1. Across peptide A:432-443, what mean number of C-beta atoms from other chains lies inside 10 Å of a residue's C-beta?
2. For segment A:68-155, give the magnitude of the charge dipole about the Cα centre (Cβ charges: +1 Lys/Arg, -1 Asp/Glu; no others), in debye to the nearest 20.
3. Under a 10 Å cutoff between Cα atoms, tell me which one of C:86, C:258, C:135 has the largest fluctuation in the Gaussian network model of chain C.
4. Taking the Cα atoms of segment B:224-458, report the difference between the largest and smallest coordinate on each principal axis, in whole Å and largest first.
5. Using only alpha-carbon positions, what ratio does the radius of gyration of segment B:95-182 give when scaled by 2.2 N^0.38 Å?
6. With a/c under 1.5 counting as rounded, go ahead and sort segment A:207-255 into rounded, prolate or oblate using the C-alpha gyration tensor (a ≥ b ≥ c being the square roots of the eigenvalues; past the cut-off, prolate if a/b is larger than b/c, else oblate).
7. Determine the shape class of the protein assembly as shown: with a ≥ b ≥ c the square roots of the Cα gyration tensor eigenvalues, call it rounded for a/c under 1.5, and otherwise prolate if a/b is greater than b/c, oblate otherwise.
8. Suppose each label sits 7 Å from its Cα in the direction of the beta carbon; what would the residue B:183-residue C:269 distance come out to in nanometres?
Amino acid sequence: MSDAQPIEPAAGAEWNSDKARRRVRRRYAANRRLQAYGIIAISIAVGLLGVLVASIVVTGYPAFVQTKIDLPIYVDPAKVDAEDPASGKYRSLVREALAKVVPGVPENQQRSVGKILTSDASYILRDYVVEHSDAIGKTITLPLALSDPFDQLYKGVIPKELDALSWVQVRWFERMTNRGVVAEHDGRTSLKLDVYIDPATVDAGPPPSGDFDGLARNSLQAYLPKVHDTSQFDMLANDAPAAIEKRVAADPAIVGKTVQVFFSVSLPYAALAKGEIPKITNPRFTDAQLEAFEVIEQKGLLRTPFNWELLFNADSRFPERAGLAGAITGSFYALLICFMLSFPIGIATAVYLEEFAPKNRFTDLIEVNINNLAAVPSVVFGLLGLAVFLGFFGLPRSVPLVGGMVLSLMTLPTIIITTRAALKAVPPSIREAALGVGASKHQVMMHHVLPLALPGIMTGTIIGMAQALGETAPLLLIGMNAFIPSVENMGLLEPATSLPTQIFSWADSPERGFVSRTSAAILVLLGFLLIMNVVAIALRQMFQRKW
Amino acid sequence: MLGYVLLLLIGLAVVSYFFARRRAIAAVQGKEHELHSRPSYHGAYVAAWVGIPSVLLVLVWLLLQGPVIDSLLLWSLPIGTTDGMSDGQIDLLLSEIRSVAAGNIFGEPSPVVQEAAERYQSWKFIARWAMAGVAMSVALVGLILASGRISPEFRARHGAERILSGLMIACSLIAILTTLGIVLSLLIEALRFFDRVSPVEFFFGLNWEPQIPIREGQVTAGGAFGAIPVFAGTLLIALIAMAVATPIGLYSAVYLTEYAHPKVRAVIKPVLELLAGIPTVVYGFFAVLTVAPALRQFGETIGVPIAPNSALAAGAVMGIMIIPFISSLSDDAIAAVPRAMRDGSYAMGATKGETITKVLLPAALPGIMGGVLLAVSRAIGETMIVVMAAGIIASLTANPLKPVTTVTVQIVTLLIGDSEFDNPKTLSAFALGLVLFLVTLALNVLALHIVRKYREQYE
Amino acid sequence: MDAKVEAQPTVRVQAPVVAAKKRDEASAAQHDVKLAAGGVNLWYGEKQALFDVNLEMFDRSVTALIGPSGCGKSTFLRCLDRMNDVIDGCRFEGEIRLDGDDIYAPKVDPVQLRARVGMVFQKPNPFPKSIFENVAYGPRIHGLATSKSDLEEIVINSLTKAGLYEEVKDRLDDSGISLSGGQQQRLCIARAISVNPEVLLMDEPCSALDPIATAKIETLMDELRDSLCIVIVTHSMQQAARVSQRTAFFHLGKLVEVDETSQIFTNPTDVRTQDYVTGRFG
Ligand SMILES: Nc1ncnc2c1ncn2[C@@H]1O[C@H](COP(=O)(O)OP(=O)(O)OP(=O)(O)O)[C@@H](O)[C@H]1O
Ligand SMILES: [Mg+2]
């Protein structure tokens, strides 16, 4: 058989043929392509992480400092009664103090200039005076937070002036210029447009009437892409309809014809045509406010100290006063409950399943349950808490006790699974040795195995706690997103909020200042998570044993 | 009060531990070796009998006290007060009574309420002291019975160990109880929902407008609980997420397992896992803060309008979150392919790329599929990203540039700040929750099954 | 090894190999050196695994590598098709010439080299694909078949030569893993010869197989030897005696002795070889 079919040895030359070489080159190229895809994929993933962190840091770091004004305030005894300092006329004291720094603000502007300070300013002053009654009759210098827009103005987060035109609008105008539609007419920059005087909408009059505005817009629209808002029609000055009306009045016969009309452009575009970059005052500020702000700035009364209030104030509706103390306390209570429940229960379950449980249908059922619980969406745990803890057992809404209970149900699988892994890692030789000297199974467990597995268990527990700290949805469902303006009467059974739900609430707030606060709160949350994970890793490293 | 009772019980248990120890030693006149069990076991045995039943009693008492007092209260109201009231109105009445009792009086409460509030106060007072009394007596009975058994022959160690085993079994049952609780609560509330809205309507209806208050009788006629658009939106967003995460995760895994230098791998792998450690609320904010505006800007540039809460933005960010799932599960699957396969392929003169695409990936496919299914289940159940970045209005569209809503978004928006379980609006959230639970459960079971099968193949 | 070998090594060498040996001696002049290793040193990280190995392997003959466990046989074998390139931290020094060309020269492409030098492993490692796809793998990646019928022909041919075709011809679409161990190993041989290699390296190909499957593979080797240079690592002295014409004895990473197989087993020059083949250590 072998003599009948010898294998032809491949001629060495064949492997060196051009074709073979090309083929090999192609194959290597495919290999490099795959490698490149891998690198691209990883770069994208890491890049996205970078973008995420960077965008949070960039928006969040300004919130770690707060612009404050050192405002000298004369606590006028005429306005504050030393007997009853709590009911003084503090609002007017603050206004007077501000007026001294920025003199000459007209009466009708004083209110708006007063908005430079935080709306809480008078309460801060009151609280100060109530505590220091000797201040009455003296001039005190109180560091007051600026209100959110001015805080951001000073930090440079928002500008004094805005570009009047968006870059799209600039491009549209450029396009019009290139088409030769822009012309000087009567000494004003104008658009020379063809207008069809539609007899359907225009009545020649006299006096002429009709939808001239619509006609003007239609004629402009012919040159521009369709968009969904009116940002294109700002290009025409207000007198655009009048320009058509004038033409119709002058010659009623043009109705039904297409005529050329010169429309003067609005001011920003006129400036643009002259080569300037048109600016407008930021609509968040009034001119009076900006003037006053400049005066304050020049007097050197502003500084930006570290924003301890961010960590030590409770929530507030004013971004400049809002802090995380309530959220941190709430999270702490919830985690405390979560730990006290899930740590012992988790260890007990893990020890039972790993060391004592007989292998039968029942323990299989428990194991399947644990594995599936680990993958149940968190919002479902929220529903469970809502229906069972609040609905059935009638526990109060929004309280850390319930939050902690729900979180502990979620962290249990994590703790059980990691504890079992830690128990498995304890070598059987130790068990055998202890059993050999006559210890009972329970004694071996309590005295030998558990202590050895403890670092692993702690690591798993901390990781579980870190997960719980970041959980949001279940807490939202049981209402742990209450507005907590004071940390004074917080407790396990008092309404509370938590760090992640606070982030959610702030992210939902319309005030611009909360954008930065939200990012800052996220940084605080990530900071806690980082610390927990570092501790977990350190524990693992420190106690990692080679058996 | 509660705290003091618990502290007292624990203190009592500690004291009885030492008490029982001393009694055990005294029973043999200090000759400890004559005891069958060491004194500390006697102590632990007695302490367990003192502490565990009484604390359990307190917990059960606490759980039942609320409902019991509520029903007593209703029962004690003058006959006819609650006639013709809906469940919600009764709840409202109860909470009014409670808040009056707590001293938060708004306006002029009716005399009936006044009276009931006083009754409520006194019952609560009685209940509290009764609880303390009963708990203490249970503890004392435990102490007397258990310490009565102390004798040199008494096998306290066995007793203590049996108690410990019992505790451990009880703890293990919590996992089952949790699952049971989830299934029952979802099922019961969902059935109440299907009482009012027909399942056909829910599963096949094309119109989802639960926020509009609907009076009874109009519910089905209005057709506002057709969940198809919600399911479709969920699928659309999950699909986008998978479209982002699968290629990135898979190619990352391929690179990390096969190409990367071990040092590079040691750095990149944890970095990718960082993505999994970031709370989802952060991703949600990232979507709102950065991704959605960037997409919008991009759309403006190319002249395509993109909604600020488009499915694309939410899905893409969810995809980022899911990358580490896919990459680490694929990584495991590829690494689990035996070395011999690689050797076989290289020995045939295959390049690395050919080995990966023609041998490793096909061999690892079941494992990768399992990972992808797990990721899909994650995507469907993910809540915060979509709550923050996706739409609330349900619309039936396959256009990723338009806003859609998802099951989880609906659950949260329907239930946030609302705990009255008597209208179809809140109940529908539980129906959605039931569907969500069943679907994710099925996906997980399937995925785990595939992965296990795959592991067995190489064992 | 066991005592049986010691008792009757020469007897066992006789029967199957005698004929082949005659043929071998008759055509000794035509036998060219197919592979030649010169001054091969190899390190795994810091640890040196091969020390200055010089060995010639002839075309159309079987060379057996024997030696105690861990002496570097597999390592040396893997040098011959540059499979060590895949291992991190492995450093090679020396030269290995295939038909006179150094395979470690920079211009040599390991991918092409491995098509010319096939390899069969200790444990059968068919891919988790169909039997057909397993054999078609090599021809496909190297582009040896221009059409589907071409490819089928190659597959059937290779399976036939590996003596497996008759057993699997009805189930070419079944998974390769569904075969028995011996069949799997023959499938791997079919896979290896599907690209017409010039050299076939076999690393303990029968150690996972029962005696009947082993016998089949040994017959197969004898047939393949007509057109190939075969290098086989084996722990079975009997197997080396049965199938090989030349035998090389490795010890502690060094090539101790190489000679005609009969010579090694009957009249070794080195005392370590003698101790090993007579089963005094190993
Ligand atoms: N990938 C590797 N990394 C590090 N050291 C290795 C590696 N492979 C083999 N070695 C070492 O090189 C030496 C030679 O190993 P090799 O596998 O070549 O021995 P062998 O002769 O084939 O043994 P056996 O008969 O048991 O298969 C051994 O000491 C082994 O520990
Ligand atoms: Mg070997």
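1. Other-chain Cβ atoms within 10 Å of each residue's Cβ, averaged: 1.
2. Its charge dipole is roughly 380 debye.
3. It is C:86.
4. 67, 44, 29
5. Relative to the 2.2 N^0.38 Å estimate, segment B:95-182 comes out at 1.89.
6. On the way: a/c = 2.82, a/b = 2.17, b/c = 1.30.
Cα axes put segment A:207-255 in the prolate bin.
7. oblate
8. Going by the 7 Å Cα→Cβ label model, 8.0 nm.
The values are calculated or read from the model by the stated rules, or taken from the named source; none is laboratory data. Since this is a predicted model, take the numbers as computed values, not measurements. Counting neighbours? That spans all protein chains shown, and the Cβs are built from the backbone with ideal geometry, glycine included. When the accessible area is computed, the model is the full protein with side chains, heavy atoms only, and any ligands, DNA or RNA have been set aside. Shrake-Rupley method; radii C 1.70, N 1.55, O 1.52, S 1.80 Å.
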